[in-house]
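Below: the structure, in structure tokens.
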Amino acid sequence: MNKYDSLVAKEQKSICNTYGRYPVDVTRAKDSRLWDLSGKEYIDLLSGISVVNIGHCREELVEVMVEQGRKLVQVSNLFYQEEQVECAEKLLATCDADKVFFCNSGADANEAAIKLARRYMRTIKNRDAYEIITLDGSFHGRTLATLTATGQTGPIKDGFDPLPEGFIHVPAGDIAALENAITDKTAAVMIEMIQGEGGIKPLPEDYVKAIQNLVKEKDILLIVDEVQSGLCRTGKWWAHQHYGVTPHIFTSAKALANGLPMGAMLATEETAKGFTPGSHATTFGGGALVAKVASKVLDIMTEEKLDERAAEMGDFFTAEALKLQDKYPGKIKEVRGLGLMLGVELTFDGNEIFEKLREKGFILNLTKGTILRLLPALTIKKEDLTAFLSALEELLTE
Ligand SMILES: Cc1ncc(COP(=O)(O)O)c(C=O)c1O
């Protein structure tokens with residue numbers, strides 16, 4: 001048995017069967033490159049699903065990990081930690097929010113957002129408003145509440161009922177449906193500016209503006225899930241900044257510590273009043289090590305202007321992909337995205353092309369069977385994007 005087969009056999013014995021994995025065993029990574037056990041090199045256009053936004057195994061982060069690892073790793077939130085405060089200040093400098101709650105993942109951040117919205121309504125507004133309205137096609141996580149918030153059906157939800165009460169889904173883009181769904185029980189509307197798992201679908205600008213007007217008129221909260229779209233990915237620090245909206249609450253995770261598990265829920269001063277000591281907590285959230293790493297990630301994103309770089313590289317990719325669409329209109333249905341959150345929708349089942357791209361050494365994702373989803377590091381070289389487009393064109397001509 002070769003090393004790969006042996007690993008797969010051991011994995012099947014020891015790990016819960018929840019993932020349909022790619023047939024690749026990653027053993028090493030650097031910048032936008034991955035290597036498998038056999039030494040084969042791949043161009044990584046997925047970055048751990050929008051996680052290693054500044055590239056794999058950055059030396060600066062290794063240094064921070066080693067130094068902080070010797071000083072203080074984790075002491076719990078019973079204590080003040082300057083690393084956590086420093087990280088919060090840097091994060092708040094990127095947006096209009098006033099307060100941060102640190103946690104450990106995207107689902108965890110969205111749980112915090114949902115809990116804060118409900119508690120703010122009960123304790124500050126004195127309204128028994130707890131319903132959260134989300135959009136069809138959305139993805140907000142896999143905990144029971146965030147799974148229920150997720151606007152999808154099928155295997156993702158099958159077998160887990162009873163699901164928590166208080167979540168309503170409406171079609172994305174239909175402002176009348178949203179308005180009809182709002183009642184005196186509504187606490188918040190929760191949206192992704194660009195549905196990621198849903199197939200790289202940016203919400204129309206006028207729809208988002210209308211949502212903002214509606215939440216204001218109805219005096220309810222707007223929660224934006226920036227778990228995938230945040231941290232310079234779309235060409236601005238946060239995708240909601242493209243739309244000129246200021247959410248009451250928004251969430252982040254994935255790229256925050258460039259691969260170490262970390263999430264954050266950010267809120268306005270007023271909304272954050274909904275939490276008081278004892279109302280929400282997590283053991284690991286904002287621990288000294290992850291916070292120090294995240295601070296460095298934020299520094300690097302700022303110094304290297306990775307928001308601007310993502311916009312520039314995204315424009316380049318989109319223009320080139322649109323040329324491919326012009327050449328092969330029968331094969332490419334649509335090229336979508338913002339910055340380096342990119343989708344190329346094929347007119348046919350994409351499984352074969354997706355596998356062939358992997359054989360050629362390109363790691364990406366296939367969403368909904370037809371959408372090639374790319375979330376490369378924001379530091380990716382233009383040549384790597386060009387190499388991917390050439391490989392795609394080659395396969396489209398076959
Ligand atoms: C928009 C969005 N929200 C939430 C999540 C859940 O994040 P996590 O897997 O870290 O819990 C994801 C993960 O893909 C996501 O894309």
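The values are calculated or read from the model by the stated rules, or taken from the named source; none is laboratory data. Given the structure is predicted, the values throughout are model-derived calculations rather than measurements. Positions of Cβ are generated from backbone atoms using ideal geometry, with glycine treated the same way; all protein chains shown enter the neighbour counts. Surface areas here come from the heavy atoms of the whole protein model, side chains and all, with no ligands, DNA or RNA. Shrake-Rupley method; radii C 1.70, N 1.55, O 1.52, S 1.80 Å.
Side notes on the structure shown:
- For segment 100-107, the Karplus equation 6.51 cos²θ - 1.76 cosθ + 1.60, evaluated at θ = phi - 60°, returns couplings of 10, 10, 8, 9, 10, 6, x, 4 Hz by residue, with Gly and Pro reported as x.
- Our note on the geometry: Cα centres of segment 340-364 and segment 109-185, 32 Å apart.
- Of the cross-linked pairs Lys305/Lys333; Lys296/Lys323; Lys99/Lys185; Lys157/Lys185; Lys296/Lys368; Lys71/Lys254, those separated by over 28 Å at the C-alpha level are Lys305/Lys333; Lys296/Lys323; Lys296/Lys368.
- In terms of its C-alpha gyration tensor, segment 124-202 has an oblate overall shape, because the principal axis ratio a/c (a ≥ b ≥ c, square roots of the eigenvalues) is not below 1.5 and a/b does not outweigh b/c.
- Between the beta carbons of Lys368 and Thr18, assuming R0 = 22 Å, the FRET efficiency works out to 0.70 to the nearest 0.05.
- Distant-in-sequence amide contacts of Ala253, defined by a placed amide H-H separation under 5 Å and a gap of 5 or more residues or a different chain, comprise Ala264.
- Packing around the peptides 140-153, 115-128, taken as the average count of other Cβ atoms within 10 Å per residue, puts them in this order, highest first: 140-153, 115-128.
- For segment 213-230, backbone phi angles converted through the Karplus equation (6.51, -1.76, 1.60; θ = phi - 60°) give residue-by-residue couplings of 5, 5, 5, 5, 4, 8, 6, 10, 9, 10, 10, 10, 8, 10, 4, 9, 8, x Hz, Gly and Pro being listed as x.
- Contour minus Cα-Cα distance for Asn351 and Leu322 (0.36 nm per residue): 8.3 nm
- Between Ala210 and Arg142, the contour length at 0.36 nm per residue exceeds the Cα-Cα span by 21.6 nm.
- Integer Hz, Karplus 6.51/-1.76/1.60 couplings in order for segment 298-307, x for Gly and Pro: 5, 4, 5, 4, 6, 4, 8, 6, 6, 5
- Cα gyration tensor category, rounded, prolate or oblate, for segment 88-155 with a/c compared to 1.5: oblate
- Accessible-area composition of the chain, carbon plus sulfur, in percent [1.4 Å probe]: 52 percent
- Taken per residue, the accessible surface of the chain reaches 45 Å², heavy atoms only and a 1.4 Å probe.
- Alpha-carbon centroids, segment 1-58 and segment 231-265: separation in whole Å: 25 Å
- Per residue, the convex hull volume that the Cα atoms of the chain enclose (Å³): 152 Å³
- Spin-label model, Arg358/Leu396: points 7 Å from Cα along the beta carbon direction are separated by 2.2 nm.
- Per residue of the chain, the DSSP helices (runs of n ≥ 4 H) give a summed -39500 (n - 2.57) that works out to -11500 deg cm²/dmol at 222 nm.
- Cross-link reach list, lysines versus Lys40, counting only Cα pairs under 17 Å and skipping chain neighbours closer than eight places: Lys3, Lys30, Lys356, Lys360
- Label-point separation, Glu63 to Glu303 (7 Å along Cα→Cβ), nm: 0.7 nm
- Partners of Lys292 within straight-line reach, counting aspartates and glutamates whose Cα lies under 14 Å from its Cα and excluding those fewer than 8 residues away in the same chain: Glu60, Glu63, Glu67, Glu82, Glu83, Glu86, Glu89.
- The modelled label-to-label distance for the pair Asp161/Asn77, using points 7 Å beyond Cα in the direction of Cβ, is 3.3 nm.
- Rel. contact order, % - alpha carbon contacts under 8 angstrom, at least six apart, the chain: 23 percent
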